[in-house]
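Quick notes on the structure that follows.
The values are calculated or read from the model by the stated rules, or taken from the named source; none is laboratory data. Keep in mind that this is a model prediction, so the values were computed, not measured. Cβ coordinates were reconstructed from backbone atoms using ideal geometry, including for glycine residues, and neighbour counts include every protein chain displayed.
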Amino acid sequence: MLAVVGILALLAWRHTDLIADGFEALRGASPQAVALAIGAMALVMASQAEVMVVLLRAAGVPTRRSSANVLGLAANAFSNSLPGGPAISAAFIFREQMRWGATTVVAGWYLVVSGILAGIAMAFFGLAALLFVNVDGLHPVSLGLSLAGGAAVIAALMWAGRNTQAIGGILHRAVRAFNRLCRAPEDRFSEQVEAIARQLRAVAVSPWRLLLAFFWSAANWAFELACLTLCIYAVGGEPDLAGVALSFVIAKLVAKAQITPGGLGPVDIALTSALVPLASIPSGQAVAAIIVFRLINFGLTTLVGWLAFLWSWVVSRRLRRAPVAAAPGGSPARRADGP
C-alpha cells in the first residue's frame, strides 16, 4: 500500500504540468452537465438496489425498496473507504439480508448471482465498444469467454434450484463417503444436508426474473458510463463515445484489483491513459473530467453512504431504544412521530 502511494506521488510530481492543465480545464466546467452527472450517479445506486430487490423477492425474501437503497449506499461507502472494503461490504450485505429473512443459502446465492450478472453486463459493454474501436490486448474472444462462463454458472444455479432432490442425493453420497473415510456414523450431517436442499428450492428463480435483474445490472453500468460521459462534456470535451465506453471497461478491470480504497490512483491513471487515445480528447480535459467524475463517483457516493449508515444503523436505532417519558397521568406518553 505504501509502495503504491509512493509511486502515485512520484507520478504526480513528474506530471505536474498535466495536472495543472486539468485544474485549468476544471474552472470552466458546466454546472448543468455536472448536475446531470450527479443525477446519473443517483440512478446508478438506484439500479444497484433494484438488482437486490428483484433477486431477493424472487427468492421469497420480503425486501423493501427503501431498505435496499440504504443498504446499497452504506455497503458502497464501506467498499470505497475501508481497508478490505469489498469483503466488509459483502459481509454487511449478507448480515442485513439475513435479518430481512434470507437464509444463508439465499444470501450467498444473491452475492454470487449479482456479481455474475454485473460481469456479464460489463462484458457486453466491452464487446459493443470493440465493434467500433480496436485495442491491442483486449480481444472479443476473451470477453466472449467471460460471457459464456458467466452464463454457464447462472444456468448451473438455475438447474440446482429446480433439481434439489438430485443435488440432495449428490450431497448425501459425498457426505457418507466422507464419514466412512473419517470412520464416523454415515448419517452424520444428514440433517444439515437436508436443510441445504430445502433452502435451494428458494432460489429456483424464473428466467424472466433473472432477465429483469440483468436489465438493472446493465442499467447500473450504463448510468455510470453516462456519468463519466457527462463529466467529459462538462469540461468542454467532445469524446468518441465508443472510446469512452472501452476506457470505462478498462478502468473497471483495473478496479478489480482493489489496490487502494475505491481504486483511487490506479483506476484514475488507467482511465486517463485510456481516454486520451481512445476517446480522442486532450490530456488536460481527460484529467479534469476524471477529477469531476471521481468527486461524484467516489467522494459524493461515499459521503452519502456514510450518512445513510449513520442515520439508519446508529441514530435511528438509538432513537428507537430511547425510553419513552411518562405522561402526567402515569401512562406512557406517545412519541411525536407516531404511536
Among the residues that make up the range 44-54, is at least one of them among the polar types (S, T, N, Q), touching a Pro at 6+ places or on another chain (Cβ under 9 Å) and either under 26 Å from Ala289 (Cβ atoms) or at pLDDT 95 or above (or both)? no
For the range 44-61, check the following and say yes or no: at least one residue is surrounded by fewer than 16 Cβ atoms within 10 Å (Cβ to Cβ), within 18 Å of the chain's Cα centre (by Cα) and either part of a helix (DSSP H, G or I) or of a type in the set (Asp, Glu) (or both). no
Condition check: more than 22 Å from Thr301 (Cα to Cα) and at pLDDT below 80. Does Gly101 satisfy that? no
Residues of the range 62-94 satisfying the condition of being surrounded by fewer than 18 Cβ atoms within 10 Å (Cβ to Cβ), touching a residue at least 40 places away in the same chain (Cβ under 8 Å) and either part of a loop (DSSP other than H, G, I, E, B) or touching a Leu at 6+ places or on another chain (Cβ under 9 Å) (or both): Leu82, Pro83
Quickly run through the range 142-175 and pick out the residues that are among the β-branched types (Val, Ile, Thr) and at pLDDT 75 or above. Val153, Ile154, Ile170, Val175
Need a quick list: helices (runs of 4 or more DSSP H) entirely within the range 144-244 having at least 1 residues that are surrounded by 13 or more Cβ atoms within 10 Å (Cβ to Cβ) and of a type in the set (Asp, Glu). 190-200, 207-234
Would you check if there is a residue in the range 253-271 being more than 23 Å from Leu131 (Cβ to Cβ), assigned to a helix (DSSP H, G or I), of a type outside the set (A, V, I, L, M, F, W, C) and modelled with pLDDT of 85 or more? no
